[in-house]
Structure formats: structure tokens, C-alpha cells
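*Asks:* Once you've had a glance at the structure underneath, I'll fire off some questions.
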């Protein structure tokens, strides 16, 4: 069973269905925002599964998080970025199925981070499942 690949496929498929006018940078795909004022970058961070019990077929807990970063060039304000971040939060409500896992809590928006000539607002979407 390819659990991590199934989670990745479902999470990216769900992200691709987000209604946004912003371009999206996907994991390990070359991306240049060009002259865009705002854009999204998507990454996924699977965590180490936890085993329940010693048996080879004992249930496992799969968990991790999808992170969507809303980028902007510096000094453009954060209202538009925050609006885009809230669209991502609304698109992944608690209980959303992502293949064999589900979004385990309401996604959250973190404070902005400045990076060279741009800044971003991270949105973290935590997932978890016992299989």
C-alpha cells in the first residue's frame, strides 16, 4: 500500500481545485513567479508513522501536514495575502478526506515571514489517520 503517495496525490489534487487567480508552485517543480505580485507555493511534510502494538499488522497512525505559502513582493501590504490564505483555510476544512487520511483540525494561518525581496504567510493543514 503506497500510503504516502496516496496522501500526496489527494492533497495536491484538492489543492489544484482551489479557486484562485494566483499561480501555484508545486513540490519539486521548477517555478518562477515572474512579474506576479502574489503566488502560492505548496509543500507536503509527512511525519514518521506511529505503530500501535507490536504485531506486523498492527494499526499505524499516519500524520503530517500540507503547507501552502502565500507569497508577495515586499511592501505590497498583507490584506490581499491574508484573503488568499483564508481561501486555503476554507478549502481544507476539518474532516476533509485526503486519500487515506483526513484533515485533523482547522488549518491555521501563521504570521508573515520576510525572505529577501518577498514575504509569505504560511497556511498549515494538518492531517492524520489510523489505518
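No lab work stands behind these numbers, since they all come straight from the coordinates. Quick caveat: nothing in here was measured; it's all calculated off a predicted structure. Cβ coordinates were reconstructed from backbone atoms using ideal geometry, including for glycine residues, and neighbour counts include every protein chain displayed.
*Asks:* Only bridges whose two residues both fall in the chain count here: according to DSSP, what percent of them are antiparallel, nearest 5?
*Replies:* Restricted to the chain, the bridges split so that about 95 percent are antiparallel.
*Asks:* Between the stretch 74-131 and the stretch 15-40, what's the alpha-carbon centroid distance in Å?
*Replies:* Distance between centres, Cα-based: 14 Å.
*Asks:* Let me ask you something else. Mind giving me the FRET efficiency for residue 110 and residue 19? R0 is 22 Å, r the Cβ-Cβ distance, nearest 0.05 is fine.
*Replies:* 0.45
*Asks:* Would you compute, for the Cα atoms of the stretch 53-100, the largest minus smallest coordinate along each principal axis and list the three values in descending order, in whole Å?
*Replies:* 56, 20, 13
*Asks:* Averaging sequence separations of C-alpha pairs under 8 Å and six or more residues apart, then dividing by the length of the chain, give the relative contact order as a whole percent.
*Replies:* Relative contact order comes out at 25 percent.
*Asks:* Report, in deg cm²/dmol and to the nearest 500, the calculated mean residue ellipticity at 222 nm for the chain, where each DSSP H run with n ≥ 4 adds -39500 (n - 2.57) and the sum is divided by the residue count. Display every interim value, and only then the final one.
*Replies:* On the way: 2 runs with 27 residues, N = 131.
Here the helix-only value at 222 nm equals -6500 deg cm²/dmol.
*Asks:* Same structure, new question: If you consider only alpha-carbon coordinates, what radius of gyration and Dmax does the chain have, in Å?
*Replies:* Radius of gyration, then largest Cα-Cα span, for the chain: 16.1, 56 Å.
*Asks:* Additional query: In whole Å and largest first, what semi-axes does the C-alpha gyration tensor of the stretch 63-131 yield when each eigenvalue is scaled by 5 and square-rooted?
*Replies:* Semi-axes from the Cα gyration tensor: 27, 11, 7 Å.
*Asks:* Oh, and also: Between residue 55 and residue 28, what is the spin-label point distance in nm, taking each point 7 Å from the Cα along the Cα→C-beta axis?
*Replies:* With each label point 7 Å from Cα toward Cβ, the separation is 3.4 nm.
*Asks:* A further question on this structure: Among 102, 82, 19, which one shows the highest mean-square fluctuation when the chain is modelled as a Gaussian network with alpha-carbon springs under 10 Å?
*Replies:* Of 102, 82, 19, the Gaussian network model singles out 19 as fluctuating most.
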